[in-house]
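Visitor: Could you have a look at this structure, given as structure tokens, before my questions?
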Amino acid sequence: MAVVEAIDLKRTYRTSTGTLRRKWKDVEAVRGVSFGIEKGELFGLLGPNGAGKTTTIKMLITLLIPTAGTARVLGYDVVKDAREVRKRIGYVFGGERGVYERLSGWDNLRYFAELYGVPPDQQKERIESLLELVGLKGREQERTEGYSRGMKQRLHVARGLLHDPPVIFLDEPTIGLDPVGARELRGTIASLVEAGKTVLLTTHYMFEADALCDRIAVINKGEIVAHGTPGDLKRGVAEGAVVEVEVFGLPDGTVERVRELGGVRSVSVEEREQAQVLIVQTGADVELTHAILGRLNGANVGRISRREPTLEDAYVALVSSEE
Amino acid sequence: MTSLRIFAVGGLISFRALFHWLSPSIYIPSLIVAPLFQILLFAYIGRSAGLASDEFYVVGNAIQYAAIPCLFAMTNIVGGEKFQQTLGAILVSPAPRLPLFFGRAVPVVVNGAFVAAVALLAGTIVLGVDIPASAAPSLAVVILVAAFSCTGLGLITAALALRIRETAVLTNVLFGFLLIFTGANIPLDDLPGWMQNVSDVLPFTHAIAAARELADGASLTSVLDLIGEELLIGLVFAFLGYWLLRFFELQGRRHSTLDRS
Amino acid sequence: MRTLRLLAVGWYFQFKAILRSPFEGLFQVIYPLFFATVAFLMFRAGTDQKTLLYASLGAAVMGMWSATSTTAAGAMQRERWHGTLEALVASPPHFSLILLPITLAMSTVGVYCLVATLLFGRFLFGIDLTFEHPLLFVLSIVGTVISFGALGFLFAVTFVRFRAAWALGNLFEYPVWLIGGFLVPLVLLPDWVRPISWALAPTWGMNAIRESSLGGTPLPDLAICLALGAAYLTIGILVLERVLTAARKRAALSLT
């Protein structure tokens with residue numbers, strides 16, 4: 001039995017504009033998302049901002065009721081058995097808010113330790129070891145209003161692990177952390193999985209998903225557009241090549257013209273400081289560099305390179321193909 | 001003529017801004033229902049203490065409660081602008097300051113008077129107090145002067161709003177002082193001497209006294225001196241507030257404290 | 001029992017957080033003193049020389065009620081602004097066990113108000129404090145704090161849909177002062193108001209506190225006060241279920 005099951009989850013938001021004459025608009029944030037996570041798996045939900053990752057995770061941790069579909073964690077329905085689910089999961093959302101600013105880090109953790117039913121005689125020990133784990137040792141007596149963003153993030157992580165839950169949900173946990181801190185956190189996540197925990201991680205960092213996850217689902221505009229191990233996803237683009245052309249002033253219509261070339265799988269543009277980089281994914285046995293240059297209408301060109309595709313390319317291809 | 005336009009247009013825009021902030025769900029409980037309950041509360045306490053008449057408390061509290069809209073609105077107009085970061089833009093404009101600041105005060109005065117008038121009417125109906133209908137126009141004049149006078153005080157709190165964050169505490173504390181010192185609930189004669197001295201220089205004291213006489217049937221001309229004193233107090237506070245605003249504005253420009261950090 | 005421990009720990013940390021806020025802490029105590037001053041001056045100047053202690057006790061409980069009414073209605077809003085509402089809802093305990101400590105912490109601030117008012121009356125107006133039944137006096141205060149917390153709980157869950165919940169909470173400040181008979185004997189109020197007064201826990205808490213100081217039978221009053229508190233809590237819990245489910249449907253638990 002899968003530890004986490006999402007079955008055709010849908011979530012629509014109703015937004016309104018105006019005060020006297022209200023206009024209602026329905027926004028479909030999640031449009032039928034299904035996946036399963038096995039015990040001990042580190043599952044990644046990868047997608048750009050606004051793709052529906054946070055909404056999906058909120059449904060799984062019982063904060064949002066799905067508009068349609070079901071979800072189960074450890075066999076318990078997230079809507080009907082919310083309490084049972086809450087007892088068994090930890091979640092880390094992060095961000096500037098979500099802690100009691102006038103209380104110290106220690107107090108915050110003590111409060112939530114009590115809420116999560118950590119036995120009183122274990123609380124002190126558990127909190128201390130968690131503070132050690134997230135690197136907040138020595139700062140725990142200060143009021144959290146004085147914490148930096150990164151410190152608050154670490155506090156969120158500690159809080160999510162207080163009751164040693166078997167299933168952990170992390171929503172973009174490394175955002176706001178400096179590179180060293182982020183690396184440490186990734187190490188922590190990996191060790192949690194080694195210890196037998198099941199983890200769902202959302203991120204928009206492709207390398208993070210690639211490095212950590214056993215399986216990944218790519219979500220874009222509320223739907224899952226790809227599903228598999230990092231290897232599977234890379235294989236989708238592996239037989240192929242990526243041509244990158246640095247252009248100063250990309251002429252209009254270039255993308256369409258290049259797309260028309262035979263053997264082109266996808267075309268995207270990345271803005272980099274002074275130039276745009278045209279990224280063209282092609283089939284394996286074609287050599288298209290000259291043809292691509294020919295479609296540039298004589299624009300100024302900088303570096304040109306041809307390389308193997310990475311997971312990032314697979315991802316870009318998946319999330320930009322909807323356009 | 002430009003000054004007049006700035007006065008009028010600025011005032012009108014502020015009015016809309018004011019009511020945008022003060023939606024019906026806040027306005028009705030806080031400015032229509034609450035003052036009526038304050039009137040009832042003190043009228044009954046008066047009965048319990050065996051002090052003065054219902055009419056005494058209706059008039060006193062109806063006018064005193066205008067402190068809430070006058071002080072809060074004035075303070076928030078500045079505080080609100082500071083919050084929305086528009087204050088800097090306004091103060092950088094070359095518009096002459098006097099009509100600018102006073103233009104914003106007009107809707108506050110009108111609103112304050114409206115609140116007091118409604119409270120007075122509601123209080124007299126609910127408690128069955130007998131105030132001659134002929135006194136209504138004169139009472140309207142007194143109420144307007146009272147609102148003007150308190151808004152003058154509001155200009156000072158508005159100036160202070162440029163420098164302190166917890167303006168709500170300040171305005172609530174002032175409300176409390178006005179509750180005690182203006183004779184709204186305790187006859188001035190029953191206050192110790194030093195308190196009477198303080199009452200003399202606060203808004204509302206003279207207006208409340210005038211309104212009570214009018215409610216008893218006195219003519220408008222007989223209370224003109226009280227009205228005059230109230231007006232004077234209002235003007236003094238208004239100009240004090242104006243100078244304070246200019247002072248803080250200059251200070252603010254020097255030390256860049258005008259944007260909410 | 002785990003539940004009691006949970007309530008106690010919750011109360012402790014929420015109370016700590018409130019006390020550290022200048023607006024919520026110190027100001028809550030000072031503001032009612034203005035009304036107390038008016039009450040003292042009115043009773044001193046009046047002809048009906050009820051004991052000034054009566055006024056002092058009444059004003060003290062007015063302060064206690066202020067501390068709750070002006071804050072409790074907005075309790076859930078407050079948590080949402082801090083970003084902590086989600087964290088609280090997502091935790092295992094029934095939400096009432098999390099919200100009640102919050103409103104109890106708010107009503108506990110009322111004890112500071114009570115003490116401040118009594119001392120204020122003692123030192124500025126020379127009102128001597130007597131306690132006919134001192135132990136019951138303390139118990140009455142505790143009981144009143146608890147039932148105020150329960151009433152605050154009911155406010156919090158009922159007003160949560162209103163964006164200006166705090167304004168509605170403020171609306172109940174004056175009426176309860178009046179109808180609870182804090183400074184006005186209930187006999188002076190119109191007959192039809194009487195049943196409303198009897199349905200309000202504050203009325204009975206006031207009686208209990210007053211009678212343990214001035215003399216009388218505070219225990220029955222205290223019992224009724226607590227019973228009404230339990231009733232408010234029960235109603236509040238029933239409403240809470242629906243409120244939370246609706247919030248989860250409407251995605252209203254966070255500001256984003």
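Just so it is clear, none of the values below were taken in a lab; they were calculated from the coordinates. Quick caveat, the model's predicted, so the values are computed rather than measured. Positions of Cβ are backbone-derived with ideal geometry, glycine not excepted, and every protein chain shown enters the neighbour counts.
Visitor: Just to be sure I understand: of the beta bridges DSSP finds with both ends in chain A, what percent are antiparallel, rounded to 5?
Guide: Values: 46 of 64 bridges.
The antiparallel fraction comes to roughly 70 percent.
Visitor: Just the C-alpha atoms of the range A:241-307: what Rg/Rh do they give, with Rh taken as the Kirkwood radius? Don't skip to the answer; put the middle values down first.
Guide: Details: Rg = 10.7 Å, Rh = 11.6 Å.
Taking Rg over the Kirkwood Rh, I get 0.92.
Visitor: With a cut-off of at most 13 other beta carbons within 10 Å, and DSSP calling the residue loop, which chymotrypsin sites (Phe, Trp or Tyr not before Pro) in the range C:122-192 qualify? Please list them. Don't skip to the end; give the middle numbers.
Guide: Numbers: sites: C:Phe123, C:Phe125, C:Phe131, C:Phe137, C:Phe148, C:Phe153, C:Phe155, C:Phe159, C:Phe162, C:Trp166, C:Phe172, C:Trp177, C:Phe182, C:Trp192; in loops: C:Phe131, C:Phe159, C:Phe162, C:Phe172, C:Phe182.
Sparse-neighbourhood loop chymotrypsin sites (Phe, Trp or Tyr not before Pro): C:Phe131.
Visitor: Still on this structure, please answer the following. Where in the range C:106-163 are there trypsin sites (Lys or Arg not before Pro) that are in a DSSP coil and have at most 13 other Cβ atoms within 10 angstrom of their Cβ?
Guide: For trypsin sites (Lys or Arg not before Pro) across the range C:106-163 that sit outside H, G, I, E and B with at most 13 neighbouring Cβ atoms in 10 Å, the list reads C:Arg161, C:Arg163.
Visitor: What Kirkwood radius, in Å to one decimal, follows from the Cα pairs of the range C:2-250?
Guide: On the way: mean 1/r = 0.0544 Å⁻¹.
In the range C:2-250 this quantity evaluates to 18.4 Å.
Visitor: Test of understanding: extend the Cα→C-beta vector of C:Phe27 to 7 Å, then name every residue of the range A:81-113 with backbone N under 20 Å from that spot.
Guide: A:101-103
Visitor: In this model, which of A:Lys39/A:Lys137; A:Lys10/A:Lys58; A:Lys39/A:Lys221 are farther than 20 Å apart at the alpha-carbon? Numbers along the way, then the final one.
Guide: Values: A:Lys39/A:Lys137 31 Å; A:Lys10/A:Lys58 12 Å; A:Lys39/A:Lys221 28 Å.
Cα-Cα > 20 Å for A:Lys39/A:Lys137; A:Lys39/A:Lys221; rest within.
Visitor: Sticking with this structure for a sec: Within 10 Å of each Cβ in peptide C:29-39, how many partner chain Cβ atoms are there on average? Round it to a whole number, please. Each step should come with its number before you reach the end.
Guide: Values: counts 0, 4, 5, 1, 1, 8, 8, 0, 6, 9, 6.
What the average comes to for C:29-39 is 4.
Visitor: Kindly state, to the nearest 0.05, the FRET efficiency for A:Gln122 paired with C:Val193, given R0 = 35 Å and r defined as their beta-carbon distance.
Guide: On the way: r = 54 Å, r/R0 = 1.55.
Once rounded, the FRET efficiency stands at 0.05.
Visitor: Taking H placed 1.01 Å from N in the peptide plane, check which residues at least 5 places from A:Gly32 or on another chain put their amide H under 5 Å from its amide H.
Guide: The list, which skips near neighbours in sequence, is A:Leu9, A:Lys10, A:Arg11.
Visitor: What lysines does A:Lys23 reach when the alpha-carbon gap must be under 22 Å and sequence neighbours fewer than 8 apart in one chain are set aside?
Guide: Output for A:Lys23: C:Lys249.
Visitor: Can you compute the modelled spin-label distance between A:Arg235 and A:Arg259, with each label point 7 Å from Cα toward Cβ, in nm?
Guide: Placing both labels 7 Å along Cα→Cβ, they lie 2.9 nm apart.
Visitor: Return the distance in nm (one decimal) between the two label points of a simple spin-label model at A:Asp178 and A:Glu273, each offset 7 Å from Cα along Cα→Cβ.
Guide: 2.4 nm
Visitor: Beyond 34 Å, what share of the Cα-Cα pairs of the protein assembly as shown is found? Please give it as a whole percent. Before the final figure, lay out the partial values.
Guide: Details: 218976 of 352380 pairs.
I get 62 percent for the Cα pairs in the protein assembly as shown exceeding 34 Å.
Visitor: Next up: What percent antiparallel are the DSSP beta bridges of the protein assembly as shown, to the nearest 5? Please report the intermediate quantities before stating the final value.
Guide: Values: 46 of 64 bridges.
Given both bridge residues lie in the protein assembly as shown, the antiparallel proportion sits at roughly 70 percent.
Visitor: What range in chain A is the longest one free of trypsin sites (Lys or Arg not before Pro) that are in a loop by DSSP and have at most 11 other Cβ atoms within 10 angstrom? Walk me through the numbers before you get to the answer.
Guide: Numbers: sites that count: A:Arg21, A:Arg22, A:Lys80.
By the stated rule (loop sites, at most 11 other Cβ atoms within 10 Å), A:81-323.
Visitor: Hey, got the average number of other protein chain Cβ atoms within 10 angstrom for residues in B:113-125?
Guide: Numbers: counts 0, 0, 0, 0, 0, 0, 0, 0, 0, 0, 0, 0, 0.
The mean count of partner-chain Cβ atoms within 10 Å per residue comes to 0.
Visitor: Based on other C-beta atoms within 10 Å, arrange A:Glu244, A:Glu194 from fewest to most.
Guide: On the way: A:Glu244 15, A:Glu194 10.
In increasing order of surrounding Cβ atoms, one gets A:Glu194, A:Glu244.
Visitor: Label-point separation (nm) for A:Thr289 and A:Asp252, each offset 7 Å from Cα along Cα-to-Cβ?
Guide: It works out to 3.1 nm between the two label points.
Visitor: Kindly provide the trypsin sites (Lys or Arg not before Pro) of the range C:40-90 that DSSP labels as loop, not H, G, I, E or B, and whose Cβ sees at most 11 other Cβ atoms within 10 Å. Show your work: numbers first, answer last.
Guide: On the way: sites: C:Arg44, C:Lys50, C:Arg78, C:Arg80; in loops: C:Lys50.
Loop-located and lightly packed - none at all.
Visitor: Under the rule of at least 5 residues apart or a separate chain, name every residue whose amide H is placed under 5 Å from the amide H of A:Leu74.
Guide: A:Val4, A:Glu5
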